[in-house]
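To start, the structure itself, in structure tokens.
The values are calculated or read from the model by the stated rules, or taken from the named source; none is laboratory data. Predicted, not measured: the structure shown is a model, and the values here were computed from it. Positions of Cβ are backbone-derived with ideal geometry, glycine not excepted, and every protein chain shown enters the neighbour counts.
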Amino acid sequence: MVDRIGARPLIEQVCTRFREWRPEPVTEAGRDGPLEWTGYDDQRSLARRRTGTDESVVCGHAWIGAQQAVLIAFEFGFLGGSVGQDAGARIVAAFARARELGLPVVSLVASGGSRIQEGICALRQLQHITRACLLTRQAGLPHITVLRNPTTGGMWASLAAGADLVLAAPAAAVAFGGSRVRHQDDPDDTAFTAEGKLSTGQADLLVEDSELADVLATALELLDPARLNPSPEPAEVPAALGQEDLPDSGWAAVQRARAETRPRASAYLDSYFTTRFSIAGDRTGGTDAGMWCGLGEHHGRTIVYAAQTGTATTPAGFRTAGRAIRLACRLGLAVLTLVDTPGAANTAESERAGVGPAIAELFTAVAEATVPITTLVIGEGGSGGALALAAPERTWITPDAYFAVIAPESGAAILKRGREHVAEVAAGLRLRPQDLLELGFVRGIASPDR
């Protein structure tokens, strides 16, 4: 059993300051709720005495570190954190207040779902909450959620799953179906846990309670409304970290890009950003360890990044990068992409997962981006799997990288030439940095001082 902490102790632990809002109830007292459920008023009275809260959610204006946010905290001890009309109205009002104040929303969720004693009147709150989330998203304000134990049913589906950043408490139960109603053939499957949600791309990060305040403060600083701008300046081109001289042949360029000693995405991200916050997963069941995405601070600005790390990119990787770019567009943040892949994964598993549509989705995200995207090719630029992450008209390349329509070995095979002709094919592809500059594919070759 995972330890549960009540809403108010959790607020004290996370917030440096908190001012609660206490709205008037929307349901009529003394009727046992809209369904006149026998004993419902008595149940609520008992829950108030036990928890010290008058509903299953506590909302207010919070200071987390030096950052401000609108906070929604669930009290699981109040009828299992279930949501009826009053709780739903509080959540909707909190999102409305966030729009009025221009503040991000942080939701600390621990809920069994809709409140049975209010029936369909409770269930319809999912629609109201979803619309409140949508309006806040359209206003360009971020939403960070924390999945606590348990997060099930409607609050997972309507409030938490669609948040911009999804954090989760380790070992928390997270699922649409609660333990008493899910299929009994797999009651203990890890799919119903926070760890399962992380592994299938539905959560970004597991966070211990002791680290939650610092992690939220970092995320809120990167998402400070003062840093969000519908028309941001482009991200600066990172300085080249590898060799300075240019390759003398196409095959030499390919060998340089494939060298184990060549700087990878991790080195570029560490050099470029002072603070980073990772986002992971495509939100549809997949992750790709070779696609790193997130938010980072560069010279006081927040920039969204998507970086390939040298492996073949899977459908989940393309979809995660698309998710990052769409988030940047909605919030008004410039984007930096780092290209380094031999190409798209060409396995049967990748085909079943929709690699073609996933690449198309990323091409579209780049093409319709409303914020500037800056691309640096830092290693292999393998065909369409690399091109999908590259910004038209704003792509640079390092001296130890290349870009080609196809790998030279594959090109030789298609042309029915032996391996002895691979270097000749590489030369014919004109894939060196200086060739790509002459052909107009890149705007420049990055240097160590840029």
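Would you say ALA316 is under 13 Å from the mean Cα position of the chain (by Cα) and not acidic (Asp, Glu)? Here the answer is yes, as ALA316 does meet what is asked. The residues in the stretch 427-450 that are among the small types (Gly, Ala, Ser), part of a helix (DSSP H, G or I) and farther than 19 Å from GLY382 by Cβ can be counted, and the count is 0. Residues in the stretch 153-174 that are over 17 Å from VAL207 (Cα atoms) and buried (at least 21 other Cβ atoms within 10 Å of the Cβ): GLY153, GLY154, MET155, TRP156, SER158, LEU159. For the residues ALA89, ALA132, ALA110, ALA157, the requirement of being touching a residue at least 60 places away in the same chain (Cβ under 8 Å) and in a helix (DSSP H, G or I) singles out ALA89. Screening ALA423 with (1) surrounded by 15 or more Cβ atoms within 10 Å (Cβ to Cβ); (2) under 21 Å from ILE303 (Cβ atoms); (3) in contact (Cβ under 8 Å) with a residue 40 or more places away in the chain gives one miss only, at (2). Considering only the stretch 405-425, I want to know if a residue exists there that is at pLDDT 95 or above, of a type outside the set (Lys, Arg) and in contact with a strand residue (DSSP E or B) (Cβ under 8 Å, 6 or more places away or on another chain). No: the stretch 405-425 contains no residue that is at pLDDT 95 or above, of a type outside the set (Lys, Arg) and in contact with a strand residue (DSSP E or B) (Cβ under 8 Å, 6 or more places away or on another chain).
Here the stretch 229-243 is the region considered, the condition is being closer than 25 Å to ALA407 by Cβ and modelled with pLDDT under 95, and the residue that is surrounded by the fewest Cβ atoms within 10 Å (Cβ to Cβ) is GLN243. Among the residues examined, GLU12 qualifies as surrounded by fewer than 15 Cβ atoms within 10 Å (Cβ to Cβ) and either closer than 23 Å to LEU147 by Cβ or aromatic (Phe, Trp, Tyr) (or both). Set side by side, the residues GLN138, GLN125, GLN67 differ, and just one is in contact (Cβ under 8 Å) with a residue 40 or more places away in the chain and closer than 29 Å to THR320 by Cβ, which is GLN67. Is one or more of the residues making up the stretch 437-447 surrounded by fewer than 20 Cβ atoms within 10 Å (Cβ to Cβ), within 18 Å of ALA321 (Cα to Cα) and at pLDDT 95 or above? No: the stretch 437-447 contains no residue that is surrounded by fewer than 20 Cβ atoms within 10 Å (Cβ to Cβ), within 18 Å of ALA321 (Cα to Cα) and at pLDDT 95 or above.
Residues are listed down the side, and each one gets a yes or a no for (1) more than 18 Å from the chain's Cα centre (by Cα); (2) closer than 30 Å to PRO34 by Cα:
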site: SER107; (1), (2): no, yes
site: GLU118; (1), (2): yes, yes
site: HIS128; (1), (2): yes, yes
site: ALA161; (1), (2): no, yes
site: LEU167; (1), (2): no, no
site: ALA171; (1), (2): yes, no
site: ASP189; (1), (2): yes, no
site: GLU195; (1), (2): no, no
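Criterion applied to PRO104, PRO142, PRO150 was being outside the structural domain of ASP282 (by TED's automatic domain parsing), of a type outside the set (A, V, I, L, M) and out of contact with any helix residue (DSSP H, G or I) (no Cβ under 7 Å at 6 or more places or on another chain), and the one residue passing it is PRO150. Within the option set GLU424, GLU409, being among the acidic types (Asp, Glu), part of a helix (DSSP H, G or I) and out of contact with any helix residue (DSSP H, G or I) (no Cβ under 7 Å at 6 or more places or on another chain) holds for one residue only, GLU424. Considering only residues of the stretch 266-310 that are part of a strand (DSSP E or B) and of a type in the set (Phe, Trp, Tyr), which is farthest from LEU206 (Cα to Cα)? It comes out as TYR305. Among the residues of the stretch 42-49, are any more than 21 Å from THR151 (Cβ to Cβ), without any contact (Cβ under 8 Å) to a residue 40 or more places away in the chain and buried (at least 16 other Cβ atoms within 10 Å of the Cβ)? Yes: one or more hits.
Looking at (1) part of a loop (DSSP other than H, G, I, E, B); (2) closer than 30 Å to LEU216 by Cβ; (3) not β-branched (Val, Ile, Thr), find the lone condition where PRO263 falls short. Condition (2) is where PRO263 drops out. Scan the stretch 222-260 for residues that are over 19 Å from GLY428 (Cα atoms) and either part of a loop (DSSP other than H, G, I, E, B) or without any contact (Cβ under 8 Å) to a residue 24 or more places away in the chain (or both) and the total you get is 23. Taking the stretch 311-397 and the helices (runs of 4 or more DSSP H) fully enclosed by it, the elements with 1 or more residues that are surrounded by 22 or more Cβ atoms within 10 Å (Cβ to Cβ) and touching a residue at least 24 places away in the same chain (Cβ under 8 Å) are at 315-331, 355-367, 383-387. Selection of the stretch 73-92 for residues being under 21 Å from CYS121 (Cα atoms) and within 25 Å of the chain's Cα centre (by Cα) yields PHE74, ILE91, VAL92. Restricting the stretch 263-289 to residues that are surrounded by 19 or more Cβ atoms within 10 Å (Cβ to Cβ) and of a type in the set (Gly, Ala, Ser), the residue that is farthest from SER447 (Cα to Cα) is GLY286.
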